[in-house]
Amino acid sequence: MEAYSEKVIEHYSNPRNVGEIVDASGVGEVGNPVCGDIMRIYLKIENDVITDVKFKTFGCGAAIASSSISTELIKGKTIDEALKITNKQVVEELGGLPPVKLHCSVLAEEAIRSAIADYYRKEGKLTEDEIKAKCGDTASHCEDCHH
Ligand code: FES
């Protein structure tokens, strides 16, 4: 069995930004049909900048560590910067994940995209096609593990 990096263990043991934002600008919830884990991300967006982010993840340790590091990655970033974050980047920031756990990091990328899509829908300025073009269809697209 492959060991988890210290960073994964540290984020799992002491996750950042856990909770919810009551008046969130956008909320994204994604689930992995294979393992049944669920990740929810709440964003507060002001002038295109993510000023606050919280998450709730009902999932494995790798999913919790991925959520935690993702909230740190996107806090203070613009929407466009946050949309560029990939699961690969999440894995790199975590110092790697065992191959069977790579799909857990995909949840984080998808949850961010889905929360931003929710924000755009609430804002009502973009059409559904434009939102899809920006945020993807938030369907699973892990390049490494084919989940
Ligand atoms: Fe389901 Fe990690 S095993 S997200």
Using Cα positions and a limit of under 17 Å, work out the lysines in reach of Lys56, with same-chain residues fewer than 8 apart set aside. Lys44, Lys75
Put a dot 7 Å past each Cα toward the Cβ at Thr86 and Val100; how far apart are the dots in nm? 2.6 nm
For Val22, what accessible surface area do you get with a 1.4 Å probe? Give it in Å², rounded to 10. 140 Å²
Step through the residues of segment 99-115 one at a time and calculate ³J(HN,Hα) from phi using the Karplus curve (6.51 cos²θ - 1.76 cosθ + 1.60, θ = phi - 60°), rounding each to whole Hz and writing x for Gly and Pro. x, 6, 10, 4, 5, 5, 6, 5, 4, 5, 4, 5, 5, 4, 4, 5, 5
For the chain, what is the convex hull (Cα atoms) projected area averaged across all directions, in square nanometres? 8.1 nm²
Which residue, Val30, Val100, Val18, has the most motion in a Gaussian network model of the chain that connects Cα atoms within less than 10 Å? Val100
Restricting to aspartates and glutamates and to Cα separations under 20 Å from Lys7, and discarding same-chain partners fewer than 8 apart, the set is Glu72, Glu92, Glu93, Glu109
With springs only between Cα atoms under 10 Å, which of Thr127, Thr57, Thr71 fluctuates most in a Gaussian network model of the chain? Thr127
For Leu73, the accessible surface traced by a 1.4 Å probe with all protein chains present amounts, in square angstrom to the nearest 10, to 20 Å²
Just from its helices, what would the mean residue ellipticity at 222 nm be for the chain, if runs of 4 or more DSSP H residues each count -39500 (n - 2.57) and the sum is divided by every residue, rounded to the nearest 500 deg cm²/dmol? -13000 deg cm²/dmol
Hey, what do the phi angles of segment 16-25 turn into as Karplus ³J(HN,Hα) couplings, whole Hz, using 6.51/-1.76/1.60 and θ = phi - 60°, x for Gly and Pro? 8, 6, 7, x, 9, 10, 5, 9, 4, 6
Within the set Ala133, Ala117, Ala62, GNM on the chain using Cα springs under 10 Å gives the largest fluctuation to Ala133
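The values are calculated or read from the model by the stated rules, or taken from the named source; none is laboratory data. A quick note: this is a predicted structure, and the numbers were derived from the prediction, not measured. Because the Cβ atoms are built from the backbone with ideal geometry, glycine has one as well, and the counts that use them run over all protein chains shown. Remember, those area values only see protein heavy atoms, side chains included, never the ligands or the DNA or RNA. Shrake-Rupley method; radii C 1.70, N 1.55, O 1.52, S 1.80 Å.
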